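K.L.:
Before anything else, here's the structure in question.
Every number in this text was worked out from the coordinates using simple rules, so none of it is lab data. Every value quoted in this text rests on a predicted model; they were computed, and no experiment measured them. Please note: Cβ atoms are built from the backbone with ideal geometry, for glycine as well, and neighbour counts cover all protein chains shown.
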Amino acid sequence: MKIIKENKLNNKHKIEIDGYNIIRNDIKNTTQGGGGTAIIKINYKFKNIDILTNKKLTCIETSTILLKLKNNKKFIYYINVCIT
């Protein structure tokens, strides 16, 4: 898994990489772009978890991904929180 903590992407930008899933967490309501991106090989099982329950809080950006390791016995949680 590769993590890009800050990007300048917005909903107009489309990214595809052969053999990978792209998980984006774009900052809402901006034309300048911004947010985080996770790049995960397609042979890994993962789940993107939405932990921010109050959608009105535009100053808080979160990314949470549960990644299952190849041995299928262990998991990794990736959690990123940014407050602006």
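K.L.:
Over 19 Å between C-alpha atoms is what I'm after, so list which of Lys14/Lys70; Lys2/Lys73; Lys2/Lys70 land there.
P.N.:
Details: Lys14/Lys70 29 Å; Lys2/Lys73 21 Å; Lys2/Lys70 16 Å.
Pairs exceeding 19 Å: Lys14/Lys70; Lys2/Lys73.
K.L.:
Quick check: pseudo-label points 7 Å beyond the Cα along Cα→Cβ at His13 and Thr64, how many nm apart are they?
P.N.:
Each label point is offset 7 Å from its Cα along the Cβ direction, giving 2.6 nm.
K.L.:
Now for a separate question. Once you list every other residue whose beta carbon is under 11 Å from the beta carbon of Lys45, what net charge do they have if Lys and Arg are +1 and Asp and Glu are -1?
P.N.:
+4
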